[in-house]
Amino acid sequence: MAVPITHYLVLAAALFCLGALGVLIRRNALVVFMSVELMLNAANLTFLAFARERGDLSGHAAAFFVIAVAAAEAAVGLAIIIAVFRSRNTVNVEELRTMRH
Amino acid sequence: MIDCTGYQSFGQFLQGHGFGDTFACFFQKAPAEPEAMAGALWLIIALPLLGAVVCGLLGKSLGKANTALVACMSVAASFVLSVLAFWVTSDHDVLALNPFAPEPSHYSIAQDYGTWFAAGGFRAQLGLRVDHLSGTMLLVVTGVGFLIHLYSAEYMGHDEGQWRYFSYLNLFVAMMLLLVLADGMALLFVGWEGVGLCSYLLIGFWYSDPAKAFAGRKAFVVNRIGDFGFLVGMFLLVLMVEAFSHQASPDSFAPRGPYAPAAQVEKWRLGLAERGPLNFQGLEELARSLTPKANPGAIGLSTPIRQGPLEGHSFGGVLTAVLLLFLLGAAGKSAQLPLYVWLPDAMAGPTPVSALIHAATMVTAGVYMFCRLSFLVALSPTAMAAIALLGGLTALWSALIAFAQDDIKKVLAYSTISQLGVMFIGVGVGLFWAALLHLATHAAFKAALFLGAGSVMHGNGDETDIKRLGGLRHRMKWTWATFGVATVAITGVLPLSGFFSKDAILHGAHSATLLAYPGLTRVVWLLGLATAACTAFYMFRLYLLVFEGERARDAKLPEEKVKESGRAMTVPLVVLAVLSVGLVFHGLPLPYGGGQLRPMMEDYLSPVFRTSQLIFRETRVLEVHSEPSLPYGAWLTALLLAWAGLLLALYFYRKLFPSWAGKPAPALAKAIRTFAQNKFYVDEAYELLLVRPVKFLSFISYKVVDSLLIDALAVRGTAWVTLRVGAALRYLQSGDVQSYAAVMALALAAGIAYVLIRVAS
């Protein structure tokens with residue numbers, strides 16, 4: 001008995017909300033970053049769920065694309081975080097608010 | 001062979017007098033092919049234009065002599081081409097195709113250079129044309145222009161800005177030639193504005209003197225008023241032609257030779273599509289078909305316009321409005337009442353400029369324009385009356401002002417205005433050929449007078465006050481002799497050229513009656529006679545004070561230091577003086593075939609004014625009393641009046657002054673003199689009635705509209721609001737990335753919620 005698509009979608013929505021919550025409330029830039037990855041993967045999950053449901057491969061292509069982008073993003077983002085830590089000695093996003101009025 | 005009734009050329013004249021066919025044919029056939037000449041017409045304009053560019057861009061590095069050489073030679077080359085063009089058109093067999101009518105125009109060559117611009121149904125064509133009218137003007141402009149360039153080479157030889165001067169002067173000649181050669185109102189207007197620009201540049205040539213710069217500005221602004229009328233008149237004319245083309249039917253066209261009216265309508269419409277509504281030939285055909293006909297279906301002057309913006313007005317009414325607006329334009333350019341005030345101030349420019357632009361050529365543009373449109377003028381008795389009356393009033397008015405002017409150039413300036421008024425009388429009474437003849441003779445003798453005045457100033461340390469000159473005849477023999485000849489020519493005390501050209505106009509005003517305005521030509525004639533007498537007085541006053549008698553005690557230079565000007569200045573003077581005498585030939589009634597005595601100019605210009613004469617015959621608005629073939633009586637009157645003026649001047653300035661030297665003048669005479677000396681306070685009246693209110697209005701609009709509404713409210717207000725809003729909104733930028741993300745998430749959630757609710761409901 002195959003798992004119905006609703007389950008996948010509910011799971012993906014729960015993961016996405018967890019990720020969004022993490023982005024909004026966690027202080028550590030690294031954790032925020034990981035939460036973003038969680039959101040991306042939630043999106044991947046919905047792509048794949050629909051691809052499975054429809055029986056075609058375009059959802060897979062989109063998921064691969066997202067993975068590639070996420071990898072690039074991770075590389076750049078981690079580099080930025082390291083650079084920020086070197087100059088400010090902190091990765092707490094609450095303390096990184098120099099770009100203000 | 002030659003089968004026309006009158007003599008349209010010098011050659012035919014000679015032939016009629018037994019000079020033999022060979023000699024006649026020599027003059028008849030120009031040494032140029034008509035087609036080649038038509039193709040070279042643009043060069044007549046392009047050469048002075050090239051001269052202007054060369055003088056303007058390279059003049060400083062070329063040196064003074066070379067600049068003068070380039071400027072003179074470009075005009076000289078243009079003169080040679082003009083002579084050729086003039087010569088070519090003297091042949092009856094020289095034809096130009098008329099795109100508006102089935103038959104070609106004789107005695108003219110034309111060249112079309114394609115569409116200049118087109119918008120909707122409107123089209124303006126770049127086309128040049130030489131016929132007897134523009135040919136005569138070509139000779140005047142380039143001939144007098146060349147002499148004045150030559151004169152300027154010496155006169156302006158010591159000026160820093162000599163290259164600038166020659167550049168402007170060449171540009172002026174090019175623009176004037178464009179005005180003359182243009183084959184349509186649109187292109188004529190380009191020349192019209194171009195000469196206005198050059199006039200402005202040259203009046204304010206010595207711009208470091210604020211008074212002279214102001215005089216240039218004044219000329220420009222006053223001319224704008226006239227040009228406004230000219231432009232509006234042109235728009236109305238376009239609308240009228242369009243309305244005519246909608247309503248035209250074969251009934252409006254008289255059968256002409258083998259051509260049926262229907263074919264003529266077709267041809268006219270084709271011409272309109274090809275050459276646009278402002279082409280002179282199209283307007284001529286239009287005027288021809290607007291003349292009253294027995295045919296009931298024909299469009300006449302009283303036919304109402306059926307469609308378009310002019311709906312409900314009659315063709316004749318619109319035409320009169322157009323011509324009156326053109327009259328406003330001509331009054332500006334040709335310095336007539338009430339817009340003449342710029343011309344006396346224009347004397348701030350160098351004297352050769354006054355001779356070329358403000359006496360011989362540019363100011364006659366109004367007269368030329370009306371001669372060009374003679375067929376339209378002939379259709380409107382109201383416009384003719386207005387032109388004649390305006391000319392008569394201006395002539396007398398400025399002659400009276402000239403009585404008491406002490407500046408040698410101011411006297412000549414008012415004299416120019418007065419003579420232009422006389423030309424306007426000629427146009428107004430339908431004697432277009434006489435107006436043009438007076439234009440040509442006036443160009444010769446007035447240029448001679450102005451150049452003579454320049455020579456006097458040159459030799460006397462730039463003294464212009466005639467009270468502080470005197471006795472120059474011994475020291476400046478050439479200037480004296482030529483000035484004397486020109487004075488005699490303008491006043492007509494001896495029958496030189498000016499006598500016949502002026503008298504042809506006055507005689508015409510005397511013998512013609514505008515039936516719609518009985519008595520008007522009589523008034524104009526009396527005004528003209530009074531002007532003639534006044535002219536003799538003030539011109540001889542000028543002549544006597546400058547050249548005769550003793551040298552004034554408060555003269556700037558002692559008599560022995562006064563010296564005659566050089567060759568480059570005296571040669572043009574002599575040539576112009578010879579022309580002032582020689583042009584008498586064109587005004588003298590000569591026996592032609594058929595035993596009729598007619599001035600040569602009348603015959604020569606008859607092909608150009610054929611349509612207007614036809615209209616006069618058909619409409620019978622102008623009644624000409626039959627006169628004896630030689631107007632001895634009128635000539636005697638004119639001579640007597642001129643001599644009266646001369647004797648009065650002699651009495652006052654040669655005999656009366658010494659005996660009255662000790663006694664104070666009577667109070668009344670003094671008051672009148674002061675009144676005239678102050679130019680009848682016209683400038684002051686304009687200042688009070690026009691300039692001050694306009695300045696007040698502009699002050700108000702500056703303070704309220706510009707300073708308050710635009711500057712304070714619109715410009716600075718917008719900036720202030722933007723600044724305040726920005727200052728308030730910038731507190732939203734906290735720098736906290738997570739709060740931005742929260743806002744984004746909330747907005748997204750709200751958007752999704754909204755969509756879900758919309759879908760659900």
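Throughout, read-outs are computed from the coordinates displayed, never taken from laboratory work. Please read all numbers here as calculations on a predicted model, not as lab measurements. Positions of Cβ are generated from backbone atoms using ideal geometry, with glycine treated the same way; all protein chains shown enter the neighbour counts.
Per the Debye formula with a single identical scatterer at each Cα and no solvent contribution, what log10 I(q)/I(0) holds for the stretch B:204-343 at q = 0.09, 0.16, 0.18, 0.19 Å⁻¹?
-0.39, -0.84, -0.97, -1.04
How large is the dipole of the protein assembly as shown about the Cα centre if only Lys and Arg carry +1 and Asp and Glu carry -1, each at its Cβ, rounded to the nearest 20 debye?
Roughly 2260 debye for the protein assembly as shown.
Once the Cα gyration tensor of chain B is found, what semi-axes does its equivalent ellipsoid get, as square roots of 5 times the eigenvalues, in whole Å, sorted largest first?
50, 39, 27
Looking at the stretch B:132-284, I'd like the Rg to Rh ratio, where Rg is from alpha-carbon atoms and Rh is Kirkwood's inverse mean 1/r.
1.14
Per-residue counts of other Cβ atoms within 10 Å, averaged by peptide: what ranking do you get for B:235-247, B:256-268, highest first?
With the highest mean Cβ count within 10 Å placed first, the list reads B:235-247, B:256-268.
Relative to the longest principal Cα axis of chain B, at what angle does helix B:210-247 sit, 0 to 90 degrees, rounded to 10?
80
Mind scanning B:467/B:563; B:212/B:563; B:212/B:409; B:64/B:556 and naming the pairs with a C-alpha gap bigger than 21 Å?
Flagged as over cut-off: B:212/B:563; B:64/B:556.
Compute, for chain B, the length of the dipole vector about the Cα centre, with Cβ point charges of +1 (Lys, Arg) and -1 (Asp, Glu) only. Units Debye, rounded to 20.
1900
Amide H to amide H under 5 Å from residue B:548: which residues, 5+ apart in sequence or cross-chain, H placed 1.01 Å off N in plane?
Answer set, sorted by chain and number: B:471, B:472.
Please state the relative contact order of the stretch A:5-96 as a whole percent: Cα pairs under 8 Å, 6+ residues apart?
Here the relative contact order equals 30 percent.
Mind checking B:732-745 for the average number of partner chain beta-carbons within 10 Å of each residue's beta-carbon?
4
Which one, B:640, B:501, B:471, is farthest towards the positive end of the dipole of chain B when Lys and Arg carry +1 and Asp and Glu -1 on their Cβ?
B:471
Per-residue counts of other Cβ atoms within 10 Å, averaged by peptide: what ranking do you get for A:56-63, A:18-25, B:123-130, highest first?
B:123-130, A:18-25, A:56-63
Have a look at the stretch B:51-204 and give its Rg and Dmax from the Cα atoms, expressed in angstrom.
17.5, 58
Roughly what angle does helix B:520-547 make with the longest principal axis of chain B, taking Cα atoms, 0 to 90 degrees, to the nearest 10?
Relative to chain B, helix B:520-547 is tipped by roughly 70 degrees.
With the Cα gyration tensor of the stretch A:5-96 giving a ≥ b ≥ c as the square roots of its eigenvalues, does the rule (a/c under 1.5 for rounded; else a/b larger than b/c for prolate; else oblate) give rounded, prolate or oblate?
It comes out oblate by the Cα gyration axes.
Do the sum for the protein assembly as shown: with -39,500 (n - 2.57) for every DSSP H run of n ≥ 4, divided by all residues, what is the mean residue ellipticity at 222 nm, to the nearest 500 deg cm²/dmol?
It lands at -21500 deg cm²/dmol.
As I understand it, the dipole of the protein assembly as shown uses +1 on the Cβ of Lys and Arg and -1 on the Cβ of Asp and Glu, about the Cα centre. Which of B:613, B:676, B:650 lies farthest toward its positive end?
Checked the options; the winner is B:676.
Report the dimensions of the stretch B:427-573 along its three principal axes from the alpha-carbon atoms, largest first, rounded to Å.
Taking the Cα atoms of the stretch B:427-573, the three principal extents are 61, 30, 23 Å.
If you line up the long axis of helix B:497-511 against the longest principal axis of chain B, both from Cα atoms, how many degrees apart are they, to the nearest 10?
That helix lies at roughly 80 degrees to the long axis.
In vacuum, with every alpha carbon of the stretch B:470-530 counted as one equal point scatterer, what does the Debye formula give for log10 I(q)/I(0) at q = 0.17, 0.18 Å⁻¹? Two decimals, please.
The Debye formula, applied to the Cα set alone, gives -0.66, -0.69.
Expressed as a whole number of Å, what is the distance separating the alpha-carbon centroids of the stretch B:86-142 and the stretch B:179-244?
Answer, in whole Å: 22.
If one puts a single equal scatterer on every Cα of the protein assembly as shown and applies the Debye formula without solvent, what log₁₀ I(q)/I(0) results at q = 0.05, 0.07, 0.08 Å⁻¹?
Computed log10 I(q)/I(0) values: -0.43, -0.62, -0.73.
Largest first, please: the extent of the C-alpha atoms of the stretch B:320-461 along each principal axis, to the nearest Å.
53, 24, 19
Kirkwood Rh over Cα pairs of the stretch B:207-267 into Stokes-Einstein at 25 °C, 0.890 mPa s: D in µm²/s?
The Stokes-Einstein estimate is 159 µm²/s.
Residue B:204's amide H: which non-local residues (gap 5+, or another chain) put their own amide H closer than 5 Å, with H modeled 1.01 Å from N in plane and none for Pro or chain starts?
Distant-sequence amide H within range of residue B:204: B:216.
Could you list the trypsin sites (Lys or Arg not before Pro) in the stretch A:49-101 that lie in coil according to DSSP, counting only those with at most 15 other Cβ atoms within 10 Å of their Cβ?
Sparse-neighbourhood loop trypsin sites (Lys or Arg not before Pro): A:97, A:100.
Which residue, chosen from A:60, A:83, A:31, occupies the Cα position most advanced towards the positive end of the dipole of the stretch A:5-96, where the dipole is computed from +1 (Lys, Arg) and -1 (Asp, Glu) charges on Cβ about the Cα centre?
A:83
Give me a single rounded figure for A:90-97: the average over its residues of other chain Cβ atoms within 10 Å of their Cβ.
2
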